[in-house]
1. Which ones in region 115-151 are of a type in the set (Gly, Ala, Ser), under 20 Å from Leu44 (Cα atoms) and either surrounded by fewer than 20 Cβ atoms within 10 Å (Cβ to Cβ) or touching a helix residue (DSSP H, G or I) at 6+ places or on another chain (Cβ under 8 Å) (or both)?
2. Give Arg444, Arg467 a once-over and let me know the one that is at pLDDT 95 or above and either crowded, with 16+ Cβ neighbours inside 10 Å or not assigned by TED's automatic domain parsing to the domain that holds Leu254 (or both).
3. For region 157-179, which residues satisfy the criterion of being outside any strand (DSSP E or B) and either of a type in the set (S, T, N, Q) or surrounded by fewer than 17 Cβ atoms within 10 Å (Cβ to Cβ) (or both)?
4. Could you please find all residues in region 583-605 being touching a strand residue (DSSP E or B) at 6+ places or on another chain (Cβ under 8 Å), under 20 Å from Gly42 (Cα atoms) and either crowded, with 22+ Cβ neighbours inside 10 Å or of a type outside the set (D, E, K, R) (or both)?
5. Taking the options Asp154, Asp105, name whichever one is surrounded by fewer than 18 Cβ atoms within 10 Å (Cβ to Cβ) and closer than 24 Å to Asp48 by Cα.
6. Quick check: anything in region 560-581 within 20 Å of Leu44 (Cβ to Cβ), in the same structural domain as Val14 (by TED's automatic domain parsing), without any contact (Cβ under 8 Å) to a residue 40 or more places away in the chain and in contact with a strand residue (DSSP E or B) (Cβ under 8 Å, 6 or more places away or on another chain)?
7. Within region 180-194, is even one residue crowded, with 20+ Cβ neighbours inside 10 Å, touching a residue at least 24 places away in the same chain (Cβ under 8 Å) and among the small types (Gly, Ala, Ser)?
8. Within region 7-18, is there a residue that is in a loop (DSSP other than H, G, I, E, B) and farther than 18 Å from Ala123 by Cβ?
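The values are calculated or read from the model by the stated rules, or taken from the named source; none is laboratory data. What you are looking at is a predicted structure, and each value in this text was computed from that prediction instead of being measured. Here the Cβ is made from the backbone with ideal geometry for all residues, glycine too, and neighbour counts use every protein chain on show.
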Amino acid sequence: MTDVVLVGAGPRAVMLVERLLARRLPGPLRLTLVDPYPPGAGRLWRHDQSPLLKLNSMARDVTVFTDDSCTIAGPIRPGPSLIEWVERVREGRVPDAAIDPSLLDELQALRADSFPTRRLQSAYLEWFWRRTIAIAPPGVEVRWHPGTVQWVEDVPDGYEVALADGIRLPADLVVYALGHNGREPDSDTLDLLEAAARSGLTYLAPTFTADADLSVLPAGADVIVRGMGLAAVDAVVLLAEGRGGRFVRAEDRLRYEPSGQEPVLHLGSRRGVPYRSKVSSQVRGEAPVREFLTADAIAGLLARPGTVDFRDDVWPLIARELVWGHYRELFTGHPERVTTTWAQFRETLRAVDADTVALRRAVAEVVPDPLDRFDVPALDRPLADEVFADAHAAHERVRRHIVDDLHLRTAPERSTAQAVFLTTLLAFLALAEIPTERWSARSRAVDLPVTWHTFFSYVASGPPAHRLEELLALADAGVVRFLGPDVDVRVDDRRGFVAASPRVPGETATRHLVDAWLPASGAAASVNPALRELASRHGREVHIADATFSGSLGRIDVDADGRVIARDGRAHESLFALGPFTSFTEAGAFTRPGSNALSLRQTDRVAGAVAAAIAARAVVATH
């Protein structure tokens, strides 16, 4: 018997099991997934969370299955996307769907362009787990052991996996297949926690919103919320509708009726505006293509000596791609809204699109409607360097931005937003063509995981449009106030938490602060004991250094096949790791169908290496 223990049982782990079982594995073989949360959904997507929390992906854009677009070594085993699965369930073609009665109304109403609840996604992922283990071949056992791995011990014939409940599981191979984990507080968070404790203030540190104890925020209290991304949107939902308020639509306008249990939420961030909403329009003109960050351009960068720097070498190409993506769609899809042709204007673009001032001047001459005009700085920082007369002016400016953004990203005639989204996605995929080791240290440590990831999330991975419409209704009802850009928070011993923007007169003082974003990565500082041990004993964090940066990435070092790199620099033959805590390019877990997704390619590659290790052990065992 060969024993493989997987640390984790969420989507990444089960997708890895599916990729393993797609191959011919020698038996007898036992795959044991260890996780305190149910297999398939795991912690983040578990059923046990508020029914108000949703995915920020449409039902048609979610799958856990490979398809014909995937360039992988393992067999293709297609399966239904989330919406296809829902349609089959409605038709009675998934007898083992095990739908909770609380999901039946959503199941009946869901459309391809709906944003499903996380609880419905949980049902899909749990079904995927059951389907995966049901088709395991004879001689292969797959099981879930509820529990938490504390450490992995070397023993003469392999490993012993120690669980918090005292159980020890034998293992010939161990695969760390974890998703996002929390981490110990950093120095800034510790300072705020200590100040809050000292002054009797309420501070909620960065965490997964579904796990935050929002009940400590009293009704009617002023609460500063730092962050305006997905975590902040979830917090607003739970503190408003989650406390009994309701949204009512009348004459095409959404209105919020408070319950009286809501706090007053003062939202601020660096940009001062929420993430841009998901796009619902469709491209009408020429299909987006890579014009500048092409395979040839990347080959040219790789042919040069030295490293590739994201900020200096790649970002200028991405910025040009976005400008061209927008105006290609405007000129070819909506020629009635411009005064020249795409053939003519593209020649102008070649000369000016790297110069924002010249670009704006050239665009103003041929694009009459200001809402049709585009440049990357305005996309990234829509409030630019505006200074506001008072807090009310800042609040109203952010409100107007949200109204405009909703129009640009949902009105069918504003399809340039879809073109920009698709162009951004093409750039995201193109970056995977640059080997990790060729990036500069600054690129690997800061530009890619922070600057680029934040920009990509802001532009392409924001909330559903209806969430921003709800935000406007909450602002109209006085439940939400916008603080403006570049918001900073300090602690005053007398006044509590004090938020201020350098471009908005005045300050907001409260006794309650929520930092609404996910914890930063850091394997050695993870709250997961198995991951901490992996970073300090069996493996190591990636440390990099060059003229641009020196330090740790906070991620576990793995080779191209997911083998954990030991502290002496050699790759383990029987320890593997896959997930956002590794040195792999972050690619998420589940993904869009038909996109040759990086996540599926990574998972299949690691599965191939694990399968080879299983086969090698089986050969040794027969001799």
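1. Ala123, Gly147
2. Arg467
3. If the condition is that a residue be outside any strand (DSSP E or B) and either of a type in the set (S, T, N, Q) or surrounded by fewer than 17 Cβ atoms within 10 Å (Cβ to Cβ) (or both), then Asp157, Ala164, Asp165, Gly166, Ile167 are the ones that fit.
4. The answer is Phe590, Thr591, Ser599, Leu600.
5. One residue alone meets the criteria, Asp105.
6. Checking region 560-581: not a single residue is within 20 Å of Leu44 (Cβ to Cβ), in the same structural domain as Val14 (by TED's automatic domain parsing), without any contact (Cβ under 8 Å) to a residue 40 or more places away in the chain and in contact with a strand residue (DSSP E or B) (Cβ under 8 Å, 6 or more places away or on another chain).
7. No, region 180-194 has no match at all.
8. Checking region 7-18: at least one residue is in a loop (DSSP other than H, G, I, E, B) and farther than 18 Å from Ala123 by Cβ.
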